Amino acid sequence: MTLEEFYAIITQFTAYLRDTKNYSIHTTRAYIADLEQCAKFWNMLQERSGKEIAFSSIIERYFSLLATKKNNKSTIARKISCFNTLERFAHCNGFHLNILVSRPYIAEKKPDYLSEQEIKHVLARSSEQNIPTKRPYRDQAIIEFFYSTGITCSELIEIRCGDILPLDEKKVLIKGKKNKSRVISFNDQVHKKLVDYLKERCPITHSQEYLFLNYRNEPLTTRSIQRICEMFSELVKSDTPITPHTLRHTCATHLAEKGANEQELQDQLGLSKVSVEKYIRLLSEKKKLCSKE
């Protein structure tokens, strides 16, 4: 494979991830960025040497470079997953890449979550009208939504107005990975925050408008959500940073503590049975570790 052919296959691969594999926009963007980074590295080496360099040599040198730059293992693992997916796609299109790299071992990370006292403190602060934001009702609704439903950041960003209407039913249609949808309920507190937010929000003109908007009335980005969470982290000064994932783990943990079974957690979080079992096991291990301390 030449560099020109590699650029061409990246374009085809983008459409494959989006239209055939139904990968999320975030995963697709990350995979394409990985491939473009490799292509730039390939182009730089060829310009320096003044001759064509084989793809197999580029891959070997590319991953060696990543290792020397001390990228964390999860980043390298994601890049390898990207190239393995590309290899399967390329094989179906007549290219045999023979990518001989293996994923590094990554220890399972115990989920971080807030105690009931900590989350009550966070939600109490979110109810104050003097929080340092120009969109208090929106930001309060987002924090309440994360904790009540346990959805991911990308799922929250993708919610359309029609997915929660009629609002009085207190249900939301969540579109997860690979176009898998689920309907989950939210509590009275979220309902109240959404009512307040919708009064502040620009008028809804059609059901496919995104629910949460920025000051330009455009959909929020992942980074915007992270900044909102960081603001609440500063307000409550918790040892556990407030992130969409932390709030998701907190929701799941508190549901499990209140007696939710594996199927209920699976339905709520949109996870596979294996993922839920793994989550419960890691949570149990973390609790044992905390009790010993």
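Going through the cross-link list LYS73/LYS180; LYS120/LYS237; LYS175/LYS258; LYS134/LYS193; LYS170/LYS193, which pairs have a Cα-Cα distance over 18 Å in this structure? The partial results should precede the final answer.
Details: LYS73/LYS180 29 Å; LYS120/LYS237 13 Å; LYS175/LYS258 26 Å; LYS134/LYS193 16 Å; LYS170/LYS193 12 Å.
Going by Cα-Cα distance, LYS73/LYS180; LYS175/LYS258 fall outside the 18 Å limit.
What GluC sites (Glu not before Pro) in the range 39-136 are in a loop by DSSP, with at most 16 other Cβ atoms within 10 Å of the Cβ? Before the final figure, lay out each step's value.
Working: sites: GLU47, GLU52, GLU60, GLU87, GLU108, GLU116, GLU118, GLU128; in loops: GLU52, GLU108, GLU128.
Counting only loop positions with at most 16 other Cβ atoms within 10 Å, the GluC sites (Glu not before Pro) in the range 39-136 are GLU52, GLU108, GLU128.
Over the chain, calculate the relative contact order: mean separation of alpha carbon pairs under 8 Å at least 6 apart, over the residue count, as a percent.
Numbers: 293 pairs, mean separation 54.5, N = 293.
Computed value for the chain: 19 percent relative contact order.
Efficiency by 1/(1 + (r/R0)^6): what FRET value for ILE204 and LYS171, r their Cβ-Cβ distance, R0 = 22 Å, to the nearest 0.05? Don't skip to the answer; put the middle values down first.
Numbers: r = 17 Å, r/R0 = 0.79.
The value I calculate is 0.80.
Give, rounded to the nearest 20 debye, the magnitude of the charge dipole that the range 192-274 has about its Cα centre when Lys and Arg contribute +1 at Cβ and Asp and Glu contribute -1 at Cβ.
Rounded to the nearest 20 debye, it is 200 debye.
Return the tail of the calculated pair distribution for the chain, meaning the percent of Cα-Cα pairs more than 28 Å apart.
Numbers: 21180 of 42778 pairs.
Summing the P(r) of the chain above 28 Å gives 50 percent of all pairs.
Debye calculation, C-alpha points only, no solvent: report log10 I(q)/I(0) for the range 137-195 at q = 0.20 Å⁻¹, in the same order as the q values.
-0.68
Calculate the dipole size of the range 149-293 relative to its Cα centre from +1 charges on Lys and Arg beta carbons and -1 charges on Asp and Glu beta carbons; express the result in debye to the nearest 20. Don't jump to the answer; show the numbers that get you there.
Numbers: 25 positive and 20 negative charges, 76 e Å.
In total the dipole reaches around 360 debye.
Note down the relative contact order for the range 160-284 as a percent, whole number, built from C-alpha pairs under 8 angstrom at least six residues apart.
On the way: 92 pairs, mean separation 21.4, N = 125.
RCO, the range 160-284: 17 percent.
Spin-label point model (7 Å from Cα, Cβ direction): what's the LYS180 to LEU235 distance in nm?
Each label point is offset 7 Å from its Cα along the Cβ direction, giving 3.3 nm.
How high is the relative contact order of the range 1-119, in percent, counting Cα pairs under 8 Å that sit 6 or more residues apart?
Numbers: 67 pairs, mean separation 31.3, N = 119.
Over the range 1-119, the number comes to 26 percent.
Applying 1/(1 + (r/R0)^6) with R0 = 22 Å to the Cβ-Cβ distance of ARG227 and ARG125, what FRET efficiency is obtained, to the nearest 0.05? Write out the running numbers ahead of the final one.
On the way: r = 16 Å, r/R0 = 0.73.
E between ARG227 and ARG125, to the nearest 0.05, is 0.85.
What number, rounded to the nearest 500 deg cm²/dmol, is the helix-based mean residue ellipticity at 222 nm of the chain, given -39500 (n - 2.57) per DSSP H run of at least four residues and division by all its residues? Write out the running numbers ahead of the final one.
Numbers: 12 runs with 172 residues, N = 293.
Computed ellipticity for the chain at 222 nm equals -19000 deg cm²/dmol.
So which chymotrypsin sites (Phe, Trp or Tyr not before Pro) in the range 201-240 are both in a DSSP loop and have at most 12 other Cβ atoms within 10 Å of their Cβ? Show your work: numbers first, answer last.
Working: sites: TYR210, PHE212, TYR215, PHE232; in loops: PHE212, TYR215.
Passing both the DSSP loop test and the Cβ count: TYR215.
None of the figures in this text is laboratory data; all of them are computed from the coordinates on show. All values derive from a computational prediction rather than experimental measurement. Here the Cβ is made from the backbone with ideal geometry for all residues, glycine too, and neighbour counts use every protein chain on show.
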